[in-house]
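*Asks:* Have a look at the structure that comes next, please.
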Amino acid sequence: MSFDISHTLVTVAMAAALIGALAGVLGSFLVLRGQSLLGDVISHAALPGVVGGFLIAGGRSFAAILLGALAAGALAGLSVQGLRRVAGVKPDAALGVVLSLFFAAGVVLYSLAQARPGAAGVEVFLYGQAASVLRTDLPLMAGVALAVLAVIAALWKEFQFVSFDPQGARAAGLPVDALETALSVLVAIAIVLGLALAGVVLMVAMLIAPAVAARQWVDRLAPMVILAALFGAGSGVVGAALSAMGDGVATGPVMVLAATVVVALSLVLAPGRGALAQALARVTARRRLQRRQVLDALRGLSVEHGNPGHRSEEAMIDTYLGASARPVLERLEGEGLIRRDVHGPDRRPHWALTARGQQAAEGRE
């Protein structure tokens, strides 16, 4: 019995890694083009294709269902482009109309399919059921995934140009419409491959989450695609392993939760774009500004008194800074830019620029 469980887990983990990696690659283009919702549209639009394939085949035929899902998803992507180009509908409105139309049609067909014997098999593609993936399905999934990646590699420069500068690509003579259509079809293929694992509802998350996470860490497309593929594959394997620990826990939702954790960590920890890095950058910028303000204040007072070594009261510096200057003064003292002095009956500290501080205040350091 343990061998069967291990065998099933390995199969599911391999399929999840494959789907996660492919989704991460294609999702990178959607995120960069600002078309994340297109994945949502194609994913939900696969529903009428799933149910239509079931009704046409008269039962749970994986080939018919997957072909139906692919046809419906591709048609939805092309419909969005058609509404934008031919009818001049704004992108967000075109996405909303197509999503609503296809999903509504899918719900109607699903209501009809429930009266058929074996209708429970359709739910596998709605919510995902990892156990439905067989070892014999892996070669087909791998072959399709490699074919998709081969197309991306062959058209890499064109897809990159279209993603970053579609108007420039059109001016350069590239077939932008054909390239966008090709991307939509490739996204539909990736979604169809992942239906058995994540389902119609959640598959879009596997497209977008790894790409969003990868975007936080890198600035160029190639590293982003590679990192998104790794994040997607890792989320798939972790989701498969964690779901296997619980009785009846669906793999798809756990995969999505794992990918969401990766996104959350990336949003916090990524250098440059992460919340932690931005908070540190703000603190550093504020310290630099305060440093500049204190040096300028001390130099201005020394110039006003005609004495480069003029000692200024700390209260005057506080007034200039609009807050307690003591932390800034102590940091500047530690850098050797100012010196502390107490003289006369007033035992409160006074501060003066050192020779090096004078140079820093004049911008010569």
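The values are calculated or read from the model by the stated rules, or taken from the named source; none is laboratory data. Because the structure is a prediction, the values reported are computed rather than measured. Neighbour counts are summed over all protein chains in view; Cβ atoms, including those assigned to glycine, are modelled from backbone coordinates with ideal geometry.
*Asks:* Restricting attention to the range 125-151, which residues are under 14 Å from residue 7 (Cα atoms) and free of Cβ contacts under 8 Å to residues at least 24 places away in the same chain?
*Replies:* 136, the sole residue that qualifies.
*Asks:* Okay, next question. Tell me, please, whether a residue that is part of a helix (DSSP H, G or I), of a type in the set (D, E, K, R), at pLDDT 90 or above and more than 22 Å from residue 122 (Cα to Cα) can be found in the range 212-220.
*Replies:* Yes, because at least one residue in the range 212-220 is part of a helix (DSSP H, G or I), of a type in the set (D, E, K, R), at pLDDT 90 or above and more than 22 Å from residue 122 (Cα to Cα).
*Asks:* Also, quick follow-up: Listed residues 93, 74, 45; which is in the same structural domain as residue 166 (by TED's automatic domain parsing), over 28 Å from residue 144 (Cα atoms), of a type in the set (Gly, Ala, Ser) and at pLDDT 80 or above?
*Replies:* Of 93, 74, 45, the one residue that is in the same structural domain as residue 166 (by TED's automatic domain parsing), over 28 Å from residue 144 (Cα atoms), of a type in the set (Gly, Ala, Ser) and at pLDDT 80 or above is 93.
*Asks:* What is the one condition in (1) modelled with pLDDT under 85; (2) touching a strand residue (DSSP E or B) at 6+ places or on another chain (Cβ under 8 Å); (3) of a type in the set (Phe, Trp, Tyr) that residue 351 does not satisfy?
*Replies:* Condition not satisfied by residue 351: (1).
*Asks:* A further question on this structure: Exactly one condition in (1) touching a helix residue (DSSP H, G or I) at 6+ places or on another chain (Cβ under 7 Å); (2) charged (D, E, K, R); (3) more than 30 Å from residue 104 (Cβ to Cβ) is false for residue 220; which is it?
*Replies:* That leaves (1) as the condition not met.
*Asks:* Follow-up. When you scan the range 18-33, do you find a residue that is surrounded by fewer than 24 Cβ atoms within 10 Å (Cβ to Cβ), at pLDDT below 85 and closer than 16 Å to residue 198 by Cα, even just one?
*Replies:* no
*Asks:* Can you report the number of residues in the range 278-317 which are free of Cβ contacts under 8 Å to residues at least 24 places away in the same chain and part of a loop (DSSP other than H, G, I, E, B)?
*Replies:* So the answer is 3.
*Asks:* Right, here's the next one. Checking residue 201 against (1) crowded, with 22+ Cβ neighbours inside 10 Å; (2) touching a His at 6+ places or on another chain (Cβ under 9 Å), which single condition isn't satisfied?
*Replies:* Condition not satisfied by residue 201: (1).
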